[in-house]
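Rule-based calculations on the coordinates, nothing more; no lab input. Predicted model only: the values in this text are computed from it and were never measured. Backbone-built Cβ (ideal geometry, glycine too); neighbour counts: all protein chains shown.
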Amino acid sequence: MAIPAGQMMAVGRYLLKQRLARRERYPLVLMLEPLFRCNLSCTGCGKIQYPVQLLRRQLSVAECVSASDECGAPIVSVAGGEPLLHPQIADIARALVDRRRFVYLCTNAILLERKLDEFEPSKYLSFSVHMDGPRAEHDHSVCREGVYDVAVKAIRAALDRGFRVTTNSTLFEGSDPERMRHFFDDMMELGVEGMMVSPGYSYEKAPDQEHFLRRERSHQLFARMLGSPKRSWSFNQSPLFLQFLMGKRDFECTPWGNPTYNIFGWQRPCYLLQDGYAKSFRELMEETDWPSYGRKSGNPRCQDCMVHCGFEPSAVRAAFESPQAMAGTVASMVTGRL
Amino acid sequence: MTEARIAELVDRAFDYRGYVTLRRSDGSELVGFVYDRSAAHLDLLDESATRRTRIPLAEIADIAFTGEDAARKSQEIWERRKGKPEPRETPAHGDWADPGKVLVLVALEHELRSVARALGAARRGSVVRGRLSGGEVVALAVGVGGGARRAVAEEHPRLVVSCGYSGGLDPALRPGDLVLATTVRRAGGDALAAPESPRLAAAAALDGLRFLQGGLVCATSAAASPEDKRALARDGALAVDMESYLVAQAAGEAGVPWLALRAIVDPLDSSLPPFAREARPDYFWPALRYAFSGPRAALRLVRLGRDASRAGAALEAALRRLVPALAAAEAHR
Ligand code: SF4
Ligand code: SF4
């Protein structure tokens, strides 16, 4: 298990507080999108299709900080777009770290090495580098040659300077489980703290609509890829979520678990679907028609969804709320089995 | 148009990743990006992507899809490119130009020290290179001659800031007060107007510090006595310096926006000691010689030193706020 003990304790304390306050809905990870512009255009990305004026817009440091204060989630995932294109990204990270948020700065790492000087290593800050698989697969997925090598070099540089580094991989139809297993070995050998995996989000606006995984296919792929996991692998994710990907457990999604904030406001209902925006976090929580989302609702857009931002919070919550699930989590952490 | 037709258009507009033109029942038109809608209204961001407007559906007469659809465009690019990845040499910033650096030009080494402190960077000779809020900043001490043109040509900045000390021409200005130039005039000659957008961003960033906005006049020799200064103040300038005009001219010629920000050392009613009337890189020896010329001189020198450090601290505080604010304003354009 890759998540450092201090971070687990802090998140545990937060969860306990929510339980004691008998809160029904509470956030775990703030998905903060300070901008939508990117220096890549990946085939499966549906985040960057906006007119150029909107792509130029970005959240200010103050807006980012107040979103984090408003929401209160202990973890902030800074995504986009490519956050390193934001001229004040280091100030944003610093301000969040000062507030003791665990910051995952999601980046394609093209600009990472040259920007490292602006950041200070901290147990609260981790670069989460976009890595969709081995060299050929990754460069294909991001539609540019050489990006894998640039990212590996940046990861090495960041690790050398004492930064926390994790990877995040999105899998699409056609991913080869065996090659992905080798890729996990390579990443662990590089020295990253942990890895994250997720099936490709079926963004409505992404150019490539054919390669999003359907539920059954996700189960098959993840079961083969993560079956008999090696002891050397560390995932920066809940074991229960990984078991969910493999089809060994089922959850209903928790769309408010990873609320999303960007230049439009608080996105309803979740990171993936855009059914509009709330002006405040409170309005998002209180006035969104939650029963219309998730598999059980029958909403067709939710039927194949297995994205981590909807289901990881369900897994974490389950582990925290049911003794059996907690036992399963601990067993998996101790034995390394999934 | 029927209600059902409007509802359908609103749904399409909400799903559309481009600008639409909305015609109201009173005939007025509005262009914007629809980012939200409900049964009763629609929310738009205007073309500057900053102003939000909420329009009741009842007021909408028609919606036209006038802007390019970014989702369709990305689809087309992808289709065209299928199987052909972008080459390795694609610029690291993609379509987004590297924002470029801010060039801060000062005349004196003493002024450069304030800039170095603001950037938290070391001085190497008469150059300071550093970063502030992710933006690259280069500061050079170019003297009062014509060094600005060469510096602009060599550094290719996105913004030039003329920065340093000046003499107050407005009686309200005290040592350490700041002046943000709206125009810079060559004494007895023409005036250059400061480009508006960086100036407005700068003014917003300086809010809370003691500063005035107005004209600067650039003299060819130091305006040392109250009489000299009153003469210069006649056409309404707030402060006098010796280099901002040349800096603004050099930036203007290169098509680069500029700002001039000065901190007052000597107010209107004070006069500079004789050694400070000439521009030179370092005043240490002349000042020492002056200090030994008598007790009154020594006292004046102490006062001048105190006022210069006030001005230095004011410049430092201003730059700390200015550079990040300008970086943010740039990206909003
Ligand atoms: S997936 Fe990430 S790196 Fe790729 S285009 Fe989208 S925002 Fe950029
Ligand atoms: S199932 Fe997926 S798409 Fe639907 S609300 Fe949950 S997280 Fe969002």
How crowded by other chains is B:177-189, given as the mean number of beta carbons from other chains within 10 Å of each beta carbon?
-> 0
Return the subset of A:Lys47/A:Lys115; A:Lys123/B:Lys101; A:Lys205/B:Lys82; A:Lys279/B:Lys101; A:Lys123/A:Lys153; A:Lys248/B:Lys84 for which the Cα-Cα distance in this structure is over 27 Å, preserving the input order.
-> A:Lys123/B:Lys101; A:Lys279/B:Lys101; A:Lys248/B:Lys84
Cα-Cα pairs of region B:1-127 separated by more than 26 Å (percent) | 53
Rg followed by Dmax, in Å, when region A:185-338 is reduced to its Cα trace | 16.5, 47
The relative contact order of chain B, taking Cα pairs under 8 Å that sit 6 or more residues apart, comes to a percentage of 17
Here P(r) for region B:195-273, Cα-Cα distances in 5 Å bins, as whole percents, is 3, 13, 22, 23, 18, 13, 7, 1
A:Arg179/B:Glu3 FRET efficiency (R0 45 Å; Cβ-Cβ; nearest 0.05) | 0.25
What is the Cα coordinate range of region A:158-204 on the first, second and third principal axes, sorted by size from largest, in whole angstrom?
-> 38, 26, 11
Over region B:70-331, volume per residue of the alpha carbon convex hull, in Å³ | 142
Point-charge dipole on Cβ atoms (K/R +1, D/E -1) for the protein assembly as shown, about Cα centre, debye to 20 = 1780
Output field shielding_mean for A:139-149 (other chain Cβ, 10 Å radius) holds 4
Take peptides A:248-254, A:39-45 and line them up by average Cβ neighbours within 10 Å, highest first, as a rough protection proxy.
-> A:39-45, A:248-254
Ranked packing of B:207-216, B:77-86, A:90-99, most packed first, by mean Cβ within 10 Å | A:90-99, B:207-216, B:77-86
Sorted largest first, the Cα spans of region A:5-335 on the principal axes come out in Å as 48, 45, 40
Computed for region A:5-335: size of charge dipole around the Cα centre, +1 on C-beta of each Lys and Arg, -1 on C-beta of each Asp and Glu, debye to nearest 20, value 780
State whether region A:129-247 is rounded, prolate or oblate according to the following rule on the C-alpha gyration tensor (a ≥ b ≥ c being the square roots of its eigenvalues): a/c under 1.5 gives rounded; otherwise a/b larger than b/c gives prolate, and the remaining case gives oblate.
-> oblate
What is the percent of Cα-Cα separations in the protein assembly as shown that go past 32 Å?
-> 57
The Rg/Rh figure for region B:3-64, Cα atoms and Kirkwood Rh, to two decimals is 0.91
In nm, to one decimal, how far is the modelled label at B:Arg23 from the one at A:Ala136, with both set 7 Å along Cα→Cβ?
-> 5.6
Ratio Rg/Rh [Cα only; Rh per Kirkwood] for region B:29-74 = 0.98
Once the Cα atoms of region B:76-138 are picked out, what are the Rg and Dmax in Å?
-> 19.4, 59
Efficiency by 1/(1 + (r/R0)^6): what FRET value for A:Glu321 and A:Arg282, r their Cβ-Cβ distance, R0 = 22 Å, to the nearest 0.05?
-> 0.40
Report the calculated FRET efficiency for B:Thr50 and A:Gln303 (r = Cβ-Cβ distance, R0 = 41 Å), to the nearest 0.05.
-> 0.60
Would you look at the GNM of chain B, springs on alpha carbons closer than 10 Å, and say which of B:Ala13, B:Ala107, B:Ala172 moves the most?
-> B:Ala13
Residue-averaged beta-carbon neighbours from other chains (10 angstrom radius) around A:45-55 = 6
Inter-label distance for B:Arg174 and A:Trp290, nm, one decimal - labels placed 7 Å from Cα along Cα-to-Cβ | 5.7
Scaled to the compact-protein estimate 2.2 N^0.38 Å, what is the alpha-carbon radius of gyration of region A:134-175, rounded to two decimal places?
-> 1.30
Taking the alpha-carbon centroid of each part, what is the distance from region A:285-312 to region A:126-152 in angstrom?
-> 30
Just need the Rg to Rh number for region B:138-277, please, alpha carbons only, Kirkwood Rh.
-> 0.95
Among DSSP beta bridges whose residues both lie in region A:5-335, state the antiparallel percentage, nearest 5.
-> 20
Check: C-alpha center region A:36-99 vs C-alpha center region B:46-108, spacing in Å is 15
Would you work out which of A:Pro34, A:Tyr50, A:Leu15 lies farthest towards the positive end of the dipole of region A:1-56? Charges go on Cβ: Lys and Arg +1, Asp and Glu -1.
-> A:Leu15
Here the relative contact order (percent) of chain A, from C-alpha pairs under 8 Å and at least 6 apart, is 18
Expected unfolding gain across B:Ala122-B:Thr66 under the 0.36 nm per residue rule, minus the alpha-carbon gap, is 14.9 nm
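How much length is gained if the chain between B:Ala153 and B:Arg80 is pulled fully straight, taking 0.36 nm per residue apart and subtracting their Cα-Cα distance, in nm to one decimal?
Between B:Ala153 and B:Arg80, full extension yields 22.3 nm more.
How big is the antiparallel share of DSSP beta bridges in the protein assembly as shown, given as a percent to the nearest 5? Working shown, then result.
On the way: 39 of 96 bridges.
Of all bridge pairs located within the protein assembly as shown, approximately 40 percent are antiparallel.
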No other cysteine beta carbon under 4.7 Å away is the test; run it over chain A and list who passes.
-> A:Cys38, A:Cys64, A:Cys71, A:Cys106, A:Cys143, A:Cys253, A:Cys270, A:Cys302, A:Cys305, A:Cys309
